[in-house]
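The block underneath contains the structure these notes are about, expressed in structure tokens.
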Amino acid sequence: MRILVVEDDASLARALTNLLSEEGHAADHVGSGEAALDVLRTEPYGAVILDIGLPDMSGLEVLRNLRSAGESVPVLLLTARDAIADRVRGLDEGADDYLSKPFAGSELLARLRALIRRGGGDAAPRLTVGSLTCDPAAQTAEVNGRRLDLPRREWAVLFQLAAQSGKVVPKERLSAQVFAFDDDVGPNALEVYITRLRKKLAPDGPAIRNLRGLGYMLSA
Ligand code: CA
């Protein structure tokens, strides 16, 4: 999943993006509220980790801006220890969860998994497209009960196509949903993943169609 880290402490931000990458996410980092709002207007993130103490505005202000713009992306707030008022306000402003600094990486990942599982609402966590089932919480996929062996990027591509099944997903959008800005991927990376996925989905899984010039579509 593509995740945005909003944190002005460079070393903490680096630790967070490393942790997220190891967990199989594509993580981007910005250091100010303004930059966060900018990037959230254009990039499709699956979740945001948002520090309250930012140099230009409070993380709570970023959150309020997001929610008043109708943006429902799940947000995990990072608050100072014992800042109970901040947590209460954060939840009131539409944060999905919070974590007090300092925290263990394992706890952050557990909270994030729970957040993603809830999907910002009570949507059914599993996606089914014909014989294919995707479990976003476990990041696994099965075709007729046969578990697909999917490295994280392939899983991310398949999950995005399944979440938008029956629709044409433009290549640029799919790339934006799967890769972080500084991911080291070549121009044909997406095609490579699609080719591998087709082999793994065959013969009894749904097909990934390439609509030339338009994008990809997964359909049962
Ligand atoms: Ca901070």
Run SER21 past the list (1) within 25 Å of CYS134 (Cα to Cα); (2) open to solvent by 30 Å² or more (accessible area, probe 1.4 Å); (3) not in a helix (DSSP H, G or I) and report the number of the one that doesn't hold. (3)
If you check ARG2, ARG14, which single one turns out to be more than 16 Å from the ligand (Cβ to nearest atom) and among the basic types (Lys, Arg)? ARG2
So which of ARG113, ARG173 ends up being of a type in the set (Lys, Arg) and more than 12 Å from the chain's Cα centre (by Cα)? ARG173
Selection within the range 130-152 - among the aliphatic types (A, V, I, L, M) and more than 17 Å from LYS199 (Cβ to Cβ): ALA137, ALA138
Scanning the range 142-156 for residues that are at pLDDT 95 or above and not in a loop (DSSP other than H, G, I, E, B), which turns out farthest from the chain's Cα centre (by Cα)? ARG146
Conditions (1) within 16 Å of the ligand (Cβ to nearest atom); (2) part of a strand (DSSP E or B); (3) in contact (Cβ under 8 Å) with a residue 40 or more places away in the chain; number of the one not met by ASP8: (2)
Acidic (Asp, Glu), touching a helix residue (DSSP H, G or I) at 6+ places or on another chain (Cβ under 6 Å), away from the ligand (no atom under 16 Å from the Cβ) and within 27 Å of VAL169 (Cα to Cα): does that describe GLU23? yes
Looking only at the range 48-81, how many residues end up being open to solvent by less than 60 Å² (accessible area, probe 1.4 Å), within 14 Å of the ligand (Cβ to nearest atom) and in contact with an Asp or Glu (Cβ under 6 Å, 6 or more places away or on another chain)? 7
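The values are calculated or read from the model by the stated rules, or taken from the named source; none is laboratory data. Quantities reported herein were computed from a predicted structural model and do not represent experimental measurements. Neighbour counts run over all protein chains shown; Cβ positions are idealised from the backbone, glycine included. Protein only, heavy atoms only, side chains kept; ligands, DNA and RNA dropped before computing areas. Shrake-Rupley method; radii C 1.70, N 1.55, O 1.52, S 1.80 Å.
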